[in-house]
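The values are calculated or read from the model by the stated rules, or taken from the named source; none is laboratory data. Computed from a prediction, not measured in an experiment: that's the story for all the values here. When we count neighbours, we look across all protein chains shown, and the Cβ atoms used for this are built from the backbone with ideal geometry, even at glycine. Note: areas computed on protein heavy atoms with side chains; ligands, DNA, RNA excluded. Shrake-Rupley method; radii C 1.70, N 1.55, O 1.52, S 1.80 Å.
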Amino acid sequence: MNTLNRPGLHSILGVAALLAACERGPAIELSAAAPPQVVEAVVQGVALPGFEHLTAAGKTLEESVSALCERPDAARLASAREAWRRVNTVWRAQRPLMFGPARDAGLLRRIDLWPTHELMVDAAIRPEADRHTRNEPSARGLAAAEMLLFGDRHYPADEGQWSEPARCLHMADIGAEITGLTNQMANRWKTGYGPALLEGEAMAVLSLVMAEILNTVEGMLWQRVGVPANFFRGDPRPEQLEAWRSGQSLAGIAASLRTIEVLLAGDAGAPGIASLLIAEQPRQARGMVRASRAALASADAITPPLRDALNGGRTRDLFDAIQDLKNALLDSAALLGLTIAFESDGD
């Protein structure tokens, strides 16, 4: 029997309280919209500006690392760390749209491979490291960059470490790759992929969007919450969390959930996926949006860092709320007749 699917009384009451809070919050106002209108809102209102922000954040990280390596000090290290937090948060916000160019280029493996392999990163920053060692995927991307910038008790990362040329070489290489890949993806969305989606069959496009939302939710449910929390199977495993060194695990989850809410409910007058259901299935439409807000409320109810709260009831509430969101999304996808394909995050 899978005990993860049998929430305890505390979790049931916790999720019920969050759902009740959402019911008491602002009314969920949705207007009916046609599929092409929703596709336009996704592409023009969420995807294109989001990928431009991601490219800018990657460039800032690259520049901050260059400044740190040029003259290592505490202020420049703090600036590089803040730049990493920014690019990681924007990446997480765009995670529900990482299909198409992102999948084609293998970006999830090249940028978003968690957890990092500490021994491979350590080998990659040694003076004798060759190109093959530094190109190993488990020694690159956001996870490796976090380890190098924030460190832990086994792998220090204070400003004194940044006088080592090999460390700077590898970190600069990671930063340049993140900038290059995100810029390439943003350009593809702007000049080719985005316009093609606008001209494509709208429900097929929305199948891609809903599928990637569900892939993101599934990743949150297990890789980002369930596996590290290790519910009912032993002690929590905080080092399995994404971004545990920087304390950004919760911020990343919240960023993904905020984008999901916008994709479902719409924003600034633009419609979301729920607008396709509001005329004939108003309860389901509002329930899907309500579930996304309840999941975000669950994340906001946890005092960061998440690594210190893994064995608490609020983390289990978050898990259950994400599970409720997944179920609502699957039900809505079925009602809309959307085709859902789950992908491996390792591409």
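Key figures for this structure:
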quantity	calculated
Total residues in region 106-124, condition assigned to a loop (DSSP other than H, G, I, E, B) and surrounded by 17 or more Cβ atoms within 10 Å (Cβ to Cβ)	7
Restricting region 231-271 to residues that are touching a Lys or Arg at 6+ places or on another chain (Cβ under 7 Å) and among the charged types (D, E, K, R), the residue that is nearest to residue 206 (Cα to Cα)	261
Residue among 134, 140 that alone is out of contact with any Ser or Thr (no Cβ under 9 Å at 6 or more places or on another chain), on the phi < 0 side of the Ramachandran plot, in contact (Cβ under 8 Å) with a residue 24 or more places away in the chain and surrounded by 15 or more Cβ atoms within 10 Å (Cβ to Cβ)	134
Options 62, 40: the member that is at pLDDT 95 or above, among the acidic types (Asp, Glu) and within 18 Å of residue 141 (Cβ to Cβ)	62
Test result for residue 330, under 26 Å from residue 30 (Cα atoms), of a type in the set (A, V, I, L, M, F, W, C), open to solvent by 10 Å² or more (accessible area, probe 1.4 Å) and more than 19 Å from the chain's Cα centre (by Cα)	yes
Members of region 56-83 that are in contact with a Phe, Trp or Tyr (Cβ under 7 Å, 6 or more places away or on another chain), of a type in the set (A, V, I, L, M) and open to solvent by 20 Å² or more (accessible area, probe 1.4 Å)	none
Filter result for residue 284 (out of contact with any Phe, Trp or Tyr (no Cβ under 9 Å at 6 or more places or on another chain) and surrounded by fewer than 20 Cβ atoms within 10 Å (Cβ to Cβ))	yes
